[in-house]
């Protein structure tokens, strides 16, 4: 009986350790240009690297970078390019000055979409001296439900295992 309980808890612990990798949400590792930086001239390309591989779902555009100038005009290509842990986009207009805002939306390797914003300044005079990278998680669309491992599954396994142990003890 004791061996069965130990085997059950070992199985639960293994399942929990394998699902813990699925809870990492795509954190920004680096960006080019960097957040809050001041550049003399606008770059031709924006890129952001994350701490895990970005998911691609067929031909669907689930990962994107949108760049806007200080007037709110979109100055980036409509299509972003994903390469493993990195996403990039080319600027269509590079004769901009002032505050440039970067908005990204990615689907991290655990299946959770992550959105965030940061900005940098082009030209001599910064328009907005404090820009902050802000990351938020959003819900997946209904068609994507159930594609990743979840905490509820792990908790369910633990509760089921504990229930079996209790039932067996009550029967004795």
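The values are calculated or read from the model by the stated rules, or taken from the named source; none is laboratory data. Here the structure is a predicted model, which is why all the values come from computation and not from measurement. Quick reminder, even Gly has a Cβ in these numbers, built from the backbone with ideal geometry, and neighbours come from all protein chains shown.
The table that follows gives values for the structure above.
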{"read-out": "Filtered residues of the range 78-92 (kept if over 21 Å from the mean Cα position of the chain (by Cα) and free of Cβ contacts under 8 Å to residues at least 40 places away in the same chain)", "value": "92"}
{"read-out": "Test result for residue 72, surrounded by 10 or more Cβ atoms within 10 Å (Cβ to Cβ), at pLDDT 75 or above and at positive phi", "value": "no"}
{"read-out": "Filter result (crowded, with 17+ Cβ neighbours inside 10 Å and either over 21 Å from residue 71 (Cα atoms) or in contact with a helix residue (DSSP H, G or I) (Cβ under 6 Å, 6 or more places away or on another chain) (or both)) within the range 106-119", "value": "106, 107, 108, 109, 110, 111, 112, 113, 114"}
{"read-out": "Residue list for the range 82-93, filter: on the phi < 0 side of the Ramachandran plot and exposed (fewer than 15 other Cβ atoms within 10 Å of the Cβ)", "value": "83, 92, 93"}
{"read-out": "Selection within the range 94-138 - at pLDDT 90 or above and at positive phi", "value": "98, 123"}
{"read-out": "Filter result (buried (at least 19 other Cβ atoms within 10 Å of the Cβ) and within 17 Å of residue 119 (Cα to Cα)) within the range 51-69", "value": "65, 67, 69"}
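Rundown of residues vs (1) surrounded by fewer than 17 Cβ atoms within 10 Å (Cβ to Cβ); (2) over 14 Å from the mean Cα position of the chain (by Cα); (3) at pLDDT below 95, yes/no style:
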| residue | (1), (2), (3) |
| --- | --- |
| 16 | yes, yes, yes |
| 21 | yes, no, yes |
| 28 | no, no, yes |
| 34 | yes, yes, no |
